[in-house]
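Visitor: Structure in structure tokens, see below.
Bear in mind these aren't lab numbers, they're just calculated from the coordinates by the rules spelled out. All values reported here derive from a predicted model rather than from experimental measurement. Glycine gets a Cβ as well: all are built from the backbone with ideal geometry, and neighbour counts include every protein chain shown.
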């Protein structure tokens with residue numbers, strides 16, 4: 001028994017999966033000895049902190065980077081690409097210090113989760129002092145907003161607020177740090193609850209989705225291939241052709257930034273505006289597109305019907321905007337904020353419907369799944385973890401001004417949407433999957449209106465804006481993928497410890513980086529990009545408009561859009577269940593209703609065309625023969 005307790009912390013490469021299921025042949029690499037858990041966790045924390053600091057500074061100072069928009073974060077792929085050959089050299093010289101494959105993958109996972117919580121910290125810190133600095137710009141803030149904001153969860157100290165925006169101040173004094181400490185700890189408790197729920201739910205559903213439903217987790221194939229003992233695609237000429245093509249585009253564009261006389265190769269997200277359009281066709285503007293080689297490389301792993309559906313439903317949504325322009329007279333929001341009017345609401349309904357359908361089809365099989373495939377964490381312990389995480393979130397939300405029922409509904413919507421996004425990534429691996437300004441706050445407002453929420457409830461939605469602003473950084477998808485990535489290579493206990501540590505280190509590193517940058521340069525001085533000021537404005541700008549909204553109760557138009565999104569998704573799912581060759585995919589509908597489709601649709605149709613031709617004329621043999629080229633496009637962009 002003592003030996004078993006020690007093995008709980010071991011990084012293993014066995015082929016045994018929970019409940020005796022076997023890992024795919026060729027994935028496991030035998031290793032000897034036991035892992036040094038504290039040393040590995042320490043190394044992972046250091047790597048996570050460095051990545052979070054670099055990412056945060058480039059984003060808030062230069063408005064560049066934002067790797068968390070992508071499902072596969074390029075900075076972590078780059079870090080893994082550096083670590084792998086360095087570790088191979090270390091294995092030859094000092095084998096005792098070399099990292100095993102499971103340890104390398106654990107570092108990758110910790111950094112991925114840490115990047116997600118770091119971007120959430122960027123949104124959070126921007127919210128804390130903003131209303132106190134800009135209260136004079138809106139009379140409703142001083143009358144209705146500021147009295148409702150809890151001092152414990154914001155930064156109201158005049159000196160701290162002034163230093164944050166003006167800069168040229170000393171942060172390393174207790175008087176300067178003290179105003180930031182309570183909100184850092186309180187919101188950190190909420191974030192810890194979010195991570196706890198992500199770990200607990202992932203542990204409970206992993207056996208079901210991995211072995212009962214056989215979800216493929218396509219995104220984990222990249223780090224697995226990069227750390228494998230035999231990496232065959234590196235030897236393929238097509239890989240290096242794709243790598244050179246993608247890397248060459250990046251090199252030319254970097255040279256263009258240094259010397260503008262060198263022409264730029266525009267492959268990333270761009271926009272065109274059609275001129276001469278009259279209403280209602282003006283709703284089509286602007287049209288965003290991308291021909292990024294990385295997206296083409298990653299989308300080559302996606303099914304053909306999903307690629308076609310992303311393209312098809314994107315244009316359905318754009319023409320939906322034309323119809324709404326015709327019927328309503330004007331669009332409710334600028335087209336640049338999302339695909340079309342009401343598309344965000346439809347995306348929320350679609351994601352919740354996808355989750356409902358998956359749970360409905362699994363009904364009655366949970367006990368069988370848990371009995372056949374032993375959960376990574378005992379059921380009782382996972383349930384206690386989810387309950388503890390929920391209690392922590394509810395406590396902070398109630399402190400923020402929400403009533404207990406409102407807070408519970410907020411948590412339910414958040415968990416539902418993020419768990420649905422996690423399933424989509426596990427099943428199809430889209431290049432990006434997230435919602436922008438869609439849930440859970442806007443959902444609550446659409447249901448209750450300002451009469452149901454009041455000034456206190458509306459202020460709490462502004463305070464919690466950071467949690468659901470984009471959802472790309474949510475720990476839920478990365479945690480579920482992490483269990484698949486490290487299964488048979490690292491013990492569940494060490495995996496869970498790495499996820500939890502990486503999340504909190506990323507949060508703390510980003511929080512500190514923002515304060516250091518703000519106190520030295522100032523967030524409103526023009527010395528930095530102004531991203532933090534924008535995030536703060538974005539969180540509080542809806543407060544006044546919601547208080548003055550002519551519709552005081554539920555917003556039936558938004559609720560109908562959510563219902564329509566859910567109904568369309570369930571209809572598509574039913575048609576796919578009954579018609580094997582049905583070409584449209586409900587996940588494509590859900591993705592195309594989110595802002596990420598604005599740069600996915602163009603590469604999706606390009607990839608669909610190429611992949612269709614390859615499979616039609618070359619079959620599976622041709623597919624595997626050309627696959628290294630697309631891996632080269634993927635890694636060439638990253639490296």
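Visitor: Distance in nm between label sites at residue 304 and residue 564, each 7 Å beyond Cα in the beta-carbon direction?
Guide: Modelled inter-label distance: 3.2 nm.
Visitor: Another one. For the pair residue 91 and residue 189, what calculated FRET efficiency results from E = 1/(1 + (r/R0)^6), where r is the Cβ-Cβ distance and R0 = 35 Å, to the nearest 0.05?
Guide: That gives a FRET efficiency of 0.30.
Visitor: Another one. Compute the semi-axes of the equivalent ellipsoid of the stretch 324-472, taking the square root of 5 times each eigenvalue of the Cα gyration tensor, and list them largest first in whole Å.
Guide: Over the Cα atoms of the stretch 324-472, the semi-axes work out to 30, 23, 13 Å.
Visitor: Using the reciprocal of the averaged 1/r over all distinct C-alpha pairs, how large is the Kirkwood radius of the stretch 147-228 in Å?
Guide: Evaluated over the stretch 147-228, this radius sits at 17.0 Å.
Visitor: Still on this structure, I have one more. Which of rounded, prolate or oblate describes the stretch 399-529 when judged by the alpha-carbon gyration tensor and an a/c cut-off of 1.5?
Guide: oblate
Visitor: Arranged by the count of other C-beta atoms within 10 angstrom, fewest first, what order do 315, 187 take?
Guide: So the ranking, lowest neighbour count to highest, is 315, 187.
Visitor: On average over all directions, what projected area in square nanometres does the stretch 435-481 have, based on the convex hull of its Cα atoms?
Guide: 3.5
Visitor: In a solvent-free Debye calculation with one equal scatterer on each Cα, what is log10 I(q)/I(0) for the stretch 165-204 at q = 0.15, 0.30 Å⁻¹, listed in the order of the q values?
Guide: Cα-only, vacuum Debye calculation for the stretch 165-204: -0.54, -0.94.
Visitor: Another question, if that's okay. If you take the square roots of the eigenvalues of the alpha-carbon gyration tensor of the stretch 208-327 and sort them as a ≥ b ≥ c, do you get rounded (a/c under 1.5), prolate (a/b over b/c) or oblate?
Guide: Here the stretch 208-327 falls in the oblate category.
Visitor: Using only DSSP helix segments of four residues or longer, with each worth -39500 (n - 2.57), what per-residue ellipticity at 222 nm results for the chain after dividing by its residue count and rounding to 500? Don't skip to the end; give the middle numbers.
Guide: On the way: 24 runs with 411 residues, N = 639.
It comes out at -21500 deg cm²/dmol, rounded to the nearest 500.
Visitor: Now, a different point. By how many nm would the segment from residue 81 to residue 238 grow when fully extended, if each residue of separation counts as 0.36 nm and the alpha-carbon distance is taken off?
Guide: Full extension from residue 81 to residue 238 adds 54.6 nm.
Visitor: A follow-up question, please. Starting from the Cα coordinates of the chain, work out the convex hull volume and express it per residue in Å³.
Guide: Here the figure is 178 Å³ per residue.
Visitor: Expected output is a single nm value to one decimal: the length gained when fully extending between residue 225 and residue 366, i.e. 0.36 nm times separation in residues minus the C-alpha distance. What is it?
Guide: Roughly 47.6 nm would be gained on extension.
Visitor: How large are Rg and Dmax for the stretch 494-639 when only the alpha carbon atoms are used, in Å?
Guide: 23.6, 62
Visitor: Another question about this same structure. With Rg and the Kirkwood Rh both taken from Cα atoms, where does Rg over Rh land for the stretch 343-406?
Guide: Details: Rg = 16.4 Å, Rh = 14.8 Å.
Value, to two decimals: 1.10.
Visitor: Still on this structure, please answer the following. How do the peptides 60-70, 256-266, 217-227 rank, highest first, by the average count of neighbouring beta carbon atoms within 10 Å per residue?
Guide: Taking the mean over residues of other Cβ atoms within 10 Å, the ranking is 217-227, 60-70, 256-266.
Visitor: Now, a different point. What percent of all Cα-Cα pairs in the stretch 92-197 falls into each 10 Å bin, going from 0 up to the bin containing the maximum distance?
Guide: 12, 31, 26, 15, 10, 4, 1
Visitor: While we're here: If the viscosity is 0.692 mPa s and the temperature 37 °C, what translational diffusion coefficient in µm²/s does Stokes-Einstein give for the stretch 564-639 when Rh comes from Kirkwood over Cα pairs? Write down the numbers at each step before the final one.
Guide: On the way: Rh = 14.8 Å.
Value of D from the Cα-based Kirkwood radius: 222 µm²/s.
Visitor: Relative contact order of the chain, please, whole-number percent, based on alpha carbon pairs below 8 angstrom and at least 6 residues apart.
Guide: Rounded, it is 33 percent for the chain.
Visitor: Per residue and in cubic angstrom, what volume does the convex hull of the Cα atoms of the stretch 298-409 have?
Guide: Dividing the Cα hull volume of the stretch 298-409 by its residue count gives 219 Å³.
Visitor: Roughly speaking, what is the stretch gain from residue 379 to residue 616, that is 0.36 nm per residue apart minus the C-alpha to C-alpha distance, in nm to one decimal? List each step's numbers first, then the result.
Guide: Details: separation 237, 0.36 × 237 = 85.32 nm, distance 4.65 nm.
Fully extending the segment from residue 379 to residue 616 adds 80.7 nm.
Visitor: Ok, one more. Taking 51 Å as R0, compute the FRET efficiency from the Cβ-Cβ separation of residue 580 and residue 265 and round it to 0.05.
Guide: 0.80
Visitor: Let me ask another. How high is the relative contact order of the stretch 492-619, in percent, counting Cα pairs under 8 Å that sit 6 or more residues apart?
Guide: Relative CO of the stretch 492-619 lands at 9 percent.
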